[in-house]
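Enquirer: Sharing a structure, written as structure tokens. Questions coming.
Please treat every number below as a calculation from the coordinates, not as lab data. The structure displayed is predicted, hence computed values, not measured ones. Note: ideal-geometry Cβ built from the backbone for every residue, glycine included; neighbour counts use all protein chains shown.
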Amino acid sequence: MKWVWRILGAMVALVVLGVAGLWLYGLRPSHGKNSANIEINRPAAQVWRYITIDELTKKWVSGLEEIRHTTPGISGAGEKLYLVESYEGERFPMEMTIERVAEPQELTFVLVSVGAPSNSFTERGGYLLEERNGKTRVTLAAQTDYHGFLARLFEPFITPAADEKLRGDLARLKSMVEAEPAGANEK
């Protein structure tokens, strides 16, 4: 009977070590930091449209189902939006507040999850567009703080998945913008 207790003790110890390891790894300096960039062979004003026009944004941001402006009459800094993204059959509602807009170079935002406190997060991020010789380097960077125990525990898995999503989204953005003629539909 002692061997049963030893096996159970070893299993519990492995679980505790795994949880402790994830928790400690989640405390690393780069926890929750995401960043990706891409060069698009089009002027910044042409790329800017895909970041600021809802229907175009929904085409390149994977999983983005809904964008609703919730502050009528406010455009730019201070504007609030309600967003819904879906992944693997789950819907994630979020509220976004635009903090700064410098068209067509910079847009910063704060994104807060809505709903289950165990999955809650706050993300501060932004787009930076740097144009040179008709080409635009787009950088999307964010710092996400997870508030629920499980979300914080699994951050070491969430952050790399978010980086992969960012890279895929920016590749779609590049493909869509470059499919248009240079200078098409600039604001």
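Enquirer: For the chain: lysine pairs with Cα atoms under 15 Å, gap of 8 or more or different chains, count? Intermediate results must be reported in sequence, preceding the final value.
Expert: Working: K33/K165; K58/K165; K58/K174; K59/K165; K59/K174; K135/K174; K165/K174.
For the chain, qualifying lysine pairs total 7.
Enquirer: Roughly speaking, what is the stretch gain from W3 to T122, that is 0.36 nm per residue apart minus the C-alpha to C-alpha distance, in nm to one decimal?
Expert: Values: separation 119, 0.36 × 119 = 42.84 nm, distance 4.67 nm.
Length gained between W3 and T122: 38.2 nm.
Enquirer: Now a separate question. In nm, give the distance between the simple-model label positions of N37 and L56, each being 7 Å from the Cα along the Cα-to-Cβ direction.
Expert: Placing both labels 7 Å beyond Cα along the Cβ direction yields 2.2 nm.
Enquirer: On alpha-carbon atoms, Rg over Rh for the chain using Kirkwood Rh?
Expert: On the way: Rg = 20.4 Å, Rh = 18.5 Å.
Looking at the chain, the ratio lands at 1.10.
Enquirer: Now for a separate question. Calculate the dipole size of the chain relative to its Cα centre from +1 charges on Lys and Arg beta carbons and -1 charges on Asp and Glu beta carbons; express the result in debye to the nearest 20.
Expert: For this selection, approximately 620 debye.
Enquirer: Next question. For D145 and S86, FRET efficiency with R0 = 25 Å and r from the beta-carbon atoms, rounded to 0.05? Don't skip to the answer; put the middle values down first.
Expert: Numbers: r = 22 Å, r/R0 = 0.89.
Calculated value: 0.65.
Enquirer: Provide the packing ranking of 99-108, 45-54, i.e. peptides ordered by the mean count of other C-beta atoms within 10 Å per residue, highest first. List each step's numbers first, then the result.
Expert: Numbers: 99-108: 16.3, 45-54: 19.1.
Highest to lowest by the protection proxy: 45-54, 99-108.
Enquirer: Something else: Helix by helix, which DSSP H runs in the chain go 30 Å or more along their axis at the Cα atoms and have an average Kyte-Doolittle hydropathy of 0.0 or more?
Expert: Working: long enough: 2-25 (34 Å, 1.59); 155-179 (36 Å, -0.30).
Long hydrophobic helices here: 2-25.
Enquirer: Okay, next question. Separation between the I74 and R167 pseudo-spin-labels, each 7 Å from Cα along Cα→Cβ, expressed in nm?
Expert: In this crude spin-label approximation the distance works out to 3.7 nm.
Enquirer: What percent does the relative contact order of the chain come to when contacts are Cα pairs within less than 8 Å and at least six residues apart?
Expert: Numbers: 335 pairs, mean separation 52.6, N = 187.
Relative contact order, the chain: 28 percent.
Enquirer: Would you be so kind as to identify which of M176, M1, F157 lies farthest towards the positive end of the dipole of the chain, taking Lys and Arg as +1 and Asp and Glu as -1 on Cβ and the Cα centre as origin?
Expert: Ranked along the dipole, the leading option is M1.
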